[in-house]
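Report on the following structure.
Any read-out appearing in this document is the output of simple, stated calculations on the displayed coordinates, not a laboratory observation. Keep in mind that what you see is a predicted model, and the values were worked out from it rather than measured. Cβ: placed from backbone, ideal geometry, glycine included. Neighbour counts: every protein chain shown.
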Amino acid sequence: MDSAELQQVRARARRAYEWGRIRRAALGVAPVLPLVALAAYHSSRPGTAWTFGMGAFLLGTALLWVGREPQRAVLPGLAAGAVPLVLALCANQVHVCGPDGCSTLCMPACIAGGLAAGAGIAALGLRRRAGWAWWAGASSLSLLLGAMGCSCVGYSGVAGLFGGYAVGVIPLLLKRAVTPTGPAA
Amino acid sequence: MNTLEDAELDAWMARLADGDRSAFDGVFERLHGPLNRLCLGFLGDEADAADATQEALQKVLERASDYDPARRALPWALALAGWECRTVARRRQRRREVPEAEAGVRPGADEEEAFAQRKLVEAAMAVMGTLSEQDRETLTATFWEEAGPVAGATFRKRRERALTRLRQAFWRIHGLG
């Protein structure tokens, strides 16, 4: 076999490898799809929930396809994102009525969920001494998943989620920055 | 391939399974030769062996992300390649059956012997397909005289059990012991 043929074989094998990874990645994130459908069904803005949900699915697939550090962000990102999602979906069913009328508890649930997700991701990231790819992947994934539920009160709910997430992450990062540590384990 | 090269291939394959693309060329280089030799041994024809090697390499690398670093990479790849050789052999048989029947060709003694040899290999591969993945890996490693997934006495016991199951399956399918 001459070198040109060998190069062709190598190129085909490389394509097969990438396709294999993409298929495996899509299958790995597929369990998110029923969650997206459930969130869209219970959401007052199903279009927005679908958009964020498909974004989470595509991002999860891409992270698993890339592999290495980004792929290790998928499970923590999904687990953290499930917290604001579930809180927001539950809160959306509860109404609080006052003299000015009734409203849901969606916004506080999004802020609290974002806070918990941010704190969880920060604690895990610091313990793992994760790199920027892990932080970016886990944060984006958890925010996209959480935003599916937080779109219940429009983009202000999503903004509340982002704010809560930032408040959850920043103190731990600051604590880490000011605390002297030993060499990585 | 010696033990050091085996260990090196295991490490390259584990990195590739984790998504480290820089390990791709190393895995490709180390697998191409052994897979080609295996296919040539099974098929006896260089062109068919090249086709089978190409398809086997694609299959192995397509499944590279499923590779379990606790197992040896070469027997795993050879078992997949053996299966691919069987598929190519079947395809070739179907392709050649029709023209030979139409031409009424009577093969010579050497051709008959080669044909019988190929038939035996195909029959063995068909029986191999009924065995577990671990048995297939063990028998492929034995055939190829490579280090199996485990070493020493455990491997010998595993080989004996796999051979017994191969004989039983051969007898069950082809009526021969």
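Considering just Cα atoms, how many Å³ per residue does the convex hull of segment B:1-49 enclose?
Details: hull volume 3.9 nm³, N = 49.
Expressed per residue, the convex hull around the Cα atoms of segment B:1-49 is 79 Å³.
For chain A, modelled as a Gaussian network with Cα springs under 10 Å, which listed residue fluctuates most, A:56, A:88, A:122?
Maximum fluctuation in the GNM of chain A, among the listed residues, is at A:122.
Which distance in Å, rounded to a whole number, links the C-alpha centroids of segment A:65-129 and segment B:53-68?
The two parts, judged by their Cα centres, are 39 Å apart.
Show me, for segment A:114-127, the HN-Hα J-couplings you get by feeding each phi into the Karplus relation (A = 6.51, B = -1.76, C = 1.60, θ = phi - 60°), rounded to Hz, glycine and proline as x.
x, 4, 5, 5, x, 5, x, 4, 5, 4, 5, x, 5, 5
Per residue of B:53-60, count partner chain C-beta atoms within 10 Å of its C-beta, then hand back the mean as an integer. Write down the numbers at each step before the final one.
Details: counts 2, 8, 4, 1, 6, 9, 3, 4.
Mean number of neighbouring Cβ atoms from other chains: 5.
Averaged over A:15-22, how many beta carbons belonging to a partner chain fall within 10 Å of each residue's beta carbon? Could the numbers behind the result be given before it?
Working: counts 3, 9, 13, 4, 3, 9, 8, 1.
That average works out to 6.
Give me, ordered by chain and number, the residues 5 or more places off residue A:104 or on other chains with an amide H under 5 Å from its own placed amide H.
Sorted by chain and number, the residues that satisfy this are A:96.
Would you kindly give the portion of the calculated P(r) for segment A:2-95 that falls above 16 Å, as a percent of all Cα pairs? Can you show the working numbers first?
Details: 2750 of 4371 pairs.
Tail of the P(r) past 16 Å holds 63 percent of the pairs.
Scattering from the C-alpha atoms of segment A:3-178 alone, worked out with Debye: what is log10 I(q)/I(0) at q = 0.08, 0.09, 0.15 1/Å?
-0.30, -0.36, -0.81
Can you give me the angle between helix A:132-150 and the longest principal axis of chain A, using Cα atoms only, in degrees from 0 to 90, rounded to the nearest 10?
The angle comes out at about 40 degrees.
From the C-alpha gyration tensor of the protein assembly as shown, pull out the three semi-axes of the equivalent ellipsoid (sqrt of 5λ each), sorted largest to smallest, in whole Å. If you can, show how the numbers build up before the last one.
Numbers: eigenvalues 615, 113, 67 Å².
They are 55, 24, 18 Å, listed from largest to smallest.
So who's got an amide H within less than 5 Å of the one on residue B:44, skipping anything under 5 residues away but keeping other chains? H placed 1.01 Å off N, in plane.
The answer is none.
Using the Cα centre of the protein assembly as shown as the reference point, and only Cβ charges (+1 on K/R, -1 on D/E), how large is the resulting charge dipole? Debye, rounded to the nearest 20. Walk me through the numbers on the way to the answer.
Details: 42 positive and 36 negative charges, 236 e Å.
With only Lys, Arg, Asp and Glu charged at Cβ, the dipole is about 1140 debye.
Against the longest principal axis of chain A, how steep is helix A:155-178, in degrees 0 to 90 to the nearest 10, with axes from Cα atoms?
Relative to chain A, helix A:155-178 is tipped by roughly 70 degrees.
In whole Hz and in residue order, list the ³J(HN,Hα) couplings for segment B:36-50 that follow from phi through the Karplus curve 6.51 cos²θ - 1.76 cosθ + 1.60, θ = phi - 60°; x for Gly and Pro.
Values per residue, Gly and Pro as x: 5, 5, 4, 5, 5, x, 6, 9, x, 9, 5, 5, 5, 5, 5 Hz.
Using the Karplus curve 6.51 cos²θ - 1.76 cosθ + 1.60 with θ = phi - 60°, work out ³J(HN,Hα) for each residue of segment A:95-105 in order, rounded to whole Hz, and write x for Gly and Pro.
10, 10, 10, x, x, 8, x, 9, 8, 8, 9
Mean residue ellipticity at 222 nm from the helices of chain A, using -39,500 (n - 2.57) per DSSP H segment of n ≥ 4 over the full residue count, to the nearest 500 deg cm²/dmol?
Details: 8 runs with 147 residues, N = 185.
Value at 222 nm, helices only: -27000 deg cm²/dmol.
Partner chain Cβ atoms within 10 Å, averaged over the residues of A:24-31 - can you pull that number for me?
On the way: counts 5, 2, 0, 0, 1, 0, 0, 0.
The per-residue average across the peptide is 1.
Among A:105-115, B:162-172, how do they line up by average Cβ neighbours within 10 Å per residue, starting with the highest?
Those peptides, ordered most packed to least, come out A:105-115, B:162-172.
Taking every pair of Cα atoms in segment A:56-155, average 1/r, invert it to obtain the Kirkwood radius, and report Rg/Rh to two decimals. It would help to have the intermediate numbers written out before the result.
Numbers: Rg = 15.2 Å, Rh = 14.0 Å.
Result for segment A:56-155 is an Rg/Rh of 1.09.
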